[in-house]
1. Could we say that V156 is among the β-branched types (V, I, T), in contact (Cβ under 8 Å) with a residue 60 or more places away in the chain and more than 22 Å from K128 (Cα to Cα) here?
2. Considering only residues that are farther than 23 Å from E83 by Cβ, surrounded by 13 or more Cβ atoms within 10 Å (Cβ to Cβ) and not aliphatic (A, V, I, L, M), look in region 214-228 and name the one that is farthest from the chain's Cα centre (by Cα).
3. Being in the same structural domain as I122 (by TED's automatic domain parsing), touching a residue at least 12 places away in the same chain (Cβ under 8 Å), in contact with a Lys or Arg (Cβ under 7 Å, 6 or more places away or on another chain) and assigned to a helix (DSSP H, G or I) is true for just one of E83, E73. Which residue is that?
4. How about region 188-229: which of its residues are of a type in the set (F, W, Y) and either modelled with pLDDT under 95 or not in a helix (DSSP H, G or I) (or both)?
5. Quick one: count up the residues across region 171-213 that are hydrophobic (A, V, I, L, M, F, W, C) and either over 21 Å from K80 (Cβ atoms) or in contact with a Ser or Thr (Cβ under 6 Å, 6 or more places away or on another chain) (or both).
6. Would you be able to say whether some residue in region 156-167 is in a helix (DSSP H, G or I) and either within 30 Å of N207 (Cβ to Cβ) or small (G, A, S) (or both)?
7. Considering only residues of region 120-144 that are at pLDDT below 90 and either in contact with a Cys (Cβ under 7 Å, 6 or more places away or on another chain) or assigned to a loop (DSSP other than H, G, I, E, B) (or both), which is surrounded by the fewest Cβ atoms within 10 Å (Cβ to Cβ)?
Amino acid sequence: MPVHQKQEDQLIFYHKLKNTMSLVGKKAPHFKASAVINGEEIIEDFSLDQYLGKKHVVFFFYPKDFTFVCPTELHAFQEKLGEFEKRNCAVVACSTDTEESHWGWLQMPKDRGGIQGLTYPIVADTTKTISYNFGVLAGDYDWNEEGEMISNGPMVAYRGLFIIDKDGVVHHETINHFPLGRSVNETLRMLDALQYFEEKGEVCPANWEAGKEGLKDTHEGVADYLSRN
């Protein structure tokens, strides 16, 4: 096998392996990209770094602007934005569309399928590197027999969602296929669980909700919890 072919094969293997690895427990990938903020202003150097040491972050991906399940999710997060703000948590969306596409969709009223009224940032991952580094890009790059680079998928983001702490570490991730919309209430529940653990030092059992008891992560702690539940 020619050396260059072996190197290409190794590179493809590395990329595919990297794209299947969970980010939980790891630092969220760094990026700077264009975004639309406050529903109208385009900025060129948006980064999650601005929240380090200050806020938790819910960072979620959606496949495409001007589609069908996506606006229901985007509006659902906007409707609960006050709940995230009460928890000192920023909400940030991202897709592989351009910032101009985001801006155009933000001008379209809700009753026409648009997302007018959204105020949280929407990132434009036009290079697809953010989606790739977060492991949510649907598809991959490959080479054909002529040595030309090709794509083997739609190359848009799955419905990935990440809860990131103030240190920039990912604590929760979910990835849904295109047809499956997400629950904002479940995202809030997981954020509550993380903040409860950070504050109390106790872990959160199955179906835990805010206001319920946690448990100490010891044999005695779980025995005590199970004896009462």
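1. No.
2. Going through the qualifying residues, I end up with D224.
3. One residue alone meets the criteria, E73.
4. W208
5. Residues in region 171-213 being hydrophobic (A, V, I, L, M, F, W, C) and either over 21 Å from K80 (Cβ atoms) or in contact with a Ser or Thr (Cβ under 6 Å, 6 or more places away or on another chain) (or both): 4 in total.
6. No, there is no match, as no residue in region 156-167 is in a helix (DSSP H, G or I) and either within 30 Å of N207 (Cβ to Cβ) or small (G, A, S) (or both).
7. N144
The values are calculated or read from the model by the stated rules, or taken from the named source; none is laboratory data. What you see is a predicted model, and the numbers here were worked out from it, not measured in a lab. All Cβ positions, glycine included, derive from the backbone under ideal geometry; neighbour counts span all protein chains shown.
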